[in-house]
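Scroll down for the structure; my scribbles are underneath it.
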Amino acid sequence: MKHHALALFLAATALTASTPQQRLRSALEARFLGDRTGITVAAALVGDAPAEVFVSADPGRAPRVDAHTAFEIGAVAGTMASALVADRVLKGEASLDDPLSTLLPAEAQVPAFEGKPITLAHVLSQRSGLPSLPARLRPEDALNPFASLTPAQLLGSLEDVRLEAAPGTRGRPSSFAMMLLSSGLARRAGMDYEALLAREVFKPLGMEDARIRRTGRNEAQGHASNGRPAGPWDFPPEMAGAGGVRASLADMVRYVEAALGRRASSITPALERTRVPFEGTLPPMAMNWMVVTVAGRKILHAEGATGGFASFVALDPEKRQGVVLLADTSLSNLGGLVPMGLSLLDDSVPAPGFPRRPVPPGEGLLEGMTGRYALPGGTRIAVWKKDAGLVAQIEDRPALDLGFDSAGDFYALDLDAVLRPVRGAGGYAFFLRQGGGQVQAERIQPDRMDAAALQKLVGRYRASDDFTVKVFRRETLLYVQGTDQPEVLVEPVDKDVFQAPGAGAEFTFTRDAAGKVVAVLIKRNGRTVKAEKR
């Protein structure tokens with residue numbers, strides 16, 4: 001109750017504060033002060049009454065950033081690529097009806113649907129029909145997924161695409177499409193994409209901290225939503241239209257001022273042109289801007305996310321006001337910054353929730369969540385109680401300790417992932433949120449083996465002098481762990497027969513004439529190894 005009372009007090013303070021600076025600070029503190037993520041947010045209101053604040057979740061710690069700290073802005077960078085296209089449209093050098101293929105090498109096999117090509121308008125309205133990512137993306141580092149992508153892989157991925165519908169008929173954001181667009185714009189200009197952005201956007205607007213490549217100069221450290229440091233995301237410059245720009249709060253204020261027509265520059269007309277909505281798109285879209293109606297006004301916004309950052313930019317053209325939010329923590333699994341950003345533009349939008357604080361789970365929740373679950377595609381997850389919390393394990397991967405927060409989510413302490421419990425007629429299940437996506441895990445109904453039956457299988461089994469198998473249980477879940485190998489959950493498929501789907505192994509327990517378990521046969525990769533119980 002104390003936490004909620006504090007949040008309500010802060011929210012009330014936000015309404016009564018006398019200056020834009022105080023209102024902005026109070027609103028951010030009501031949501032983030034004490035938040036378990038440890039987040040720091042750099043925020044600005046753009047308009048007749050501008051304001052800038054820096055808020056840290058830890059009230060005893062100074063914010064980790066300032067007005068010139070560079071953040072990864074993710075997909076907000078797509079609006080900058082839009083400005084480059086809009087500039088060429090205004091100059092008569094291009095048309096939104098031009099096929100995407102006109103920007104790419106002749107050998108690029110851009111797919112079409114029944115003769116209908118993908119146009120620049122389709123890309124900028126996020127209706128190209130292309131998949132989210134290139135099929136030939138093979139990250140050398142999963143925590144920096146785009147750094148090793150090559151032009152050959154990018155263009156070659158076009159050969160793997162078969163459009164399911166005509167371009168323009170289905171909305172789906174595509175980083176792949178934006179990579180192709182920025183690569184094509186750089187190719188058409190005959191220069192590096194970073195140099196192109198610098199010449200046409202950054203320098204005209206005085207965005208002195210903006211860049212694509214890391215320089216080590218005043219760059220924010222990113223964090224996962226569990227508070228752990230997260231590595232940077234690097235894009236090959238020509239593919240950075242999908243989200244490879246780094247920019248400071250000072251930069252983005254200048255950018256929003258120009259997009260609202262408040263800052264004159266050579267790129268200002270193009271930025272204003274990007275605000276024009278496309279006809280007939282659902283949901284409504286401008287050029288990489290989402291369009292929503294708030295209190296009868298059209299608001300445009302863009303949101304970005306990388307492995308360690310979150311960003312949000314919004315424009316209110318009628319009032320000529322804007323909002324910039326830059327966070328040094330990923331919020332992909334926690335709802336992002338859109339609710340906060342829109343509430344700052346208009347009081348009619350409810351302010352988002354309370355800080356997420358670590359709290360004890362409700363009575364019965366730990367026991368209710370214990371069990372086995374299946375994800376779409378068959379991947380299995382085991383969940384069990386440990387002390388006053390939970391542990392989750394995906395097949396043969398390392399087990400993860402879970403915390404619980406005041407928003408009702410379990411969260412991994414060593415991984416950026418969230419489990420949201422849901423209760424149905426069959427007991428608890430959960431939604432798994434990771435990497436900005438969400439899937440539902442369905443409970444696997446308990447098998448007939450009880451703890452006492454499983455206990456008879458528990459023990460150590462010796463296969464050789466240097467290989468022993470440990471069999472143990474957690475309540476009604478059975479696990480196997482070989483020497484120098486991770487533990488794996490095994491599931492019963494027949495009497496005394498268990499399988500570990502993730503490891504591709506089968507374990508058959510054998511008994512003597514008296515019914516006592518004496519050995520286990522391990523079948524894997526066409527071989528069978530016998531391990532005798534010690």
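The values are calculated or read from the model by the stated rules, or taken from the named source; none is laboratory data. It should be emphasised that the depicted structure is a prediction, and the values quoted were computed from it without experimental measurement. Every residue, glycine among them, receives a Cβ derived from its backbone with ideal geometry; neighbour counts consider all protein chains shown.
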Please determine whether any residue of segment 176-184 is surrounded by 14 or more Cβ atoms within 10 Å (Cβ to Cβ), more than 24 Å from the chain's Cα centre (by Cα) and either modelled with pLDDT under 95 or under 23 Å from SER266 (Cα atoms) (or both). yes
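What residue, of LEU96, LEU45, LEU100, is touching a residue at least 60 places away in the same chain (Cβ under 8 Å) and under 25 Å from ALA258 (Cβ atoms)?
LEU45 is the lone residue from the list that is touching a residue at least 60 places away in the same chain (Cβ under 8 Å) and under 25 Å from ALA258 (Cβ atoms).
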Go through the residues of segment 425-442 one by one and say whether even a single one is acidic (Asp, Glu), surrounded by fewer than 17 Cβ atoms within 10 Å (Cβ to Cβ) and without any contact (Cβ under 8 Å) to a residue 12 or more places away in the chain. no
Does ALA67 meet the test of being modelled with pLDDT of 95 or more and assigned to a loop (DSSP other than H, G, I, E, B)? yes
Failed criterion for GLY280 (all others in (1) of a type outside the set (A, V, I, L, M, F, W, C); (2) on the phi < 0 side of the Ramachandran plot; (3) without any contact (Cβ under 8 Å) to a residue 60 or more places away in the chain hold): (2)
Of the residues PHE312, PHE278, which is of a type in the set (Phe, Trp, Tyr) and surrounded by 21 or more Cβ atoms within 10 Å (Cβ to Cβ)? PHE312
Just name the residue that is farthest from the chain's Cα centre (by Cα) out of those in segment 238-261 that are surrounded by fewer than 24 Cβ atoms within 10 Å (Cβ to Cβ) and not in a helix (DSSP H, G or I). GLY261
Could you please give the count of residues in segment 461-482 that are surrounded by fewer than 14 Cβ atoms within 10 Å (Cβ to Cβ), assigned to a strand (DSSP E or B) and either charged (D, E, K, R) or at pLDDT below 85 (or both)? 0
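Taking the conditions exactly as written (without any contact (Cβ under 8 Å) to a residue 40 or more places away in the chain, out of contact with any Lys or Arg (no Cβ under 6 Å at 6 or more places or on another chain), exposed (fewer than 13 other Cβ atoms within 10 Å of the Cβ) and part of a strand (DSSP E or B)), does THR528 satisfy them or not? Let's see the steps before the verdict.
Values: without any contact (Cβ under 8 Å) to a residue 40 or more places away in the chain: yes; out of contact with any Lys or Arg (no Cβ under 6 Å at 6 or more places or on another chain): yes; exposed (fewer than 13 other Cβ atoms within 10 Å of the Cβ): yes; part of a strand (DSSP E or B): yes.
Considered against the rule, which asks whether it is without any contact (Cβ under 8 Å) to a residue 40 or more places away in the chain, out of contact with any Lys or Arg (no Cβ under 6 Å at 6 or more places or on another chain), exposed (fewer than 13 other Cβ atoms within 10 Å of the Cβ) and part of a strand (DSSP E or B), THR528 comes out as yes.
Listed here are the residues, each with its yes/no results for (1) out of contact with any helix residue (DSSP H, G or I) (no Cβ under 9 Å at 6 or more places or on another chain); (2) assigned by TED's automatic domain parsing to the domain that holds ILE212; (3) farther than 23 Å from LEU154 by Cα; (4) among the charged types (D, E, K, R).
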site	(1), (2), (3), (4)
ALA44	no, no, yes, no
PHE54	no, no, yes, no
ASP58	yes, no, yes, yes
ALA62	yes, no, yes, no
VAL76	no, yes, no, no
SER95	no, yes, yes, no
ASP98	no, yes, no, yes
ALA108	no, yes, no, no
Against the condition surrounded by fewer than 17 Cβ atoms within 10 Å (Cβ to Cβ) and under 31 Å from the mean Cα position of the chain (by Cα), how does ASP414 come out, does it pass? yes
Go through (1) under 26 Å from ILE39 (Cα atoms); (2) more than 23 Å from the chain's Cα centre (by Cα); (3) not acidic (Asp, Glu) for SER266 and report which single condition fails. (1)
Conditions (1) polar (S, T, N, Q); (2) closer than 21 Å to SER330 by Cβ; (3) outside any helix (DSSP H, G or I) -> THR79 fails only (3)
Can you tell me which residue in segment 375-430 is nearest to ASN226 (Cα to Cα), limited to those that are assigned to a strand (DSSP E or B) and of a type in the set (Lys, Arg)? ARG420
Where residues in segment 281-298 are within 16 Å of SER125 (Cα to Cα) and among the β-branched types (Val, Ile, Thr), which of them is surrounded by the most Cβ atoms within 10 Å (Cβ to Cβ)? VAL291
I'd like to check something: does segment 498-513 contain any residue that is touching a residue at least 24 places away in the same chain (Cβ under 8 Å), assigned to a loop (DSSP other than H, G, I, E, B) and either farther than 21 Å from TRP384 by Cα or in contact with a Phe, Trp or Tyr (Cβ under 6 Å, 6 or more places away or on another chain) (or both)? no
Which is touching a residue at least 60 places away in the same chain (Cβ under 8 Å), within 30 Å of the chain's Cα centre (by Cα) and more than 30 Å from GLN221 (Cα to Cα), of ALA75, ALA67, ALA86? ALA86
So for segment 130-144 (the condition being farther than 15 Å from GLY241 by Cβ, crowded, with 19+ Cβ neighbours inside 10 Å, in contact (Cβ under 8 Å) with a residue 12 or more places away in the chain and among the basic types (Lys, Arg)), does at least one residue qualify? no
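Just need a number here: residues in segment 189-237 that are in a loop (DSSP other than H, G, I, E, B) and touching a residue at least 24 places away in the same chain (Cβ under 8 Å).
Qualifying residue count, segment 189-237: 24.
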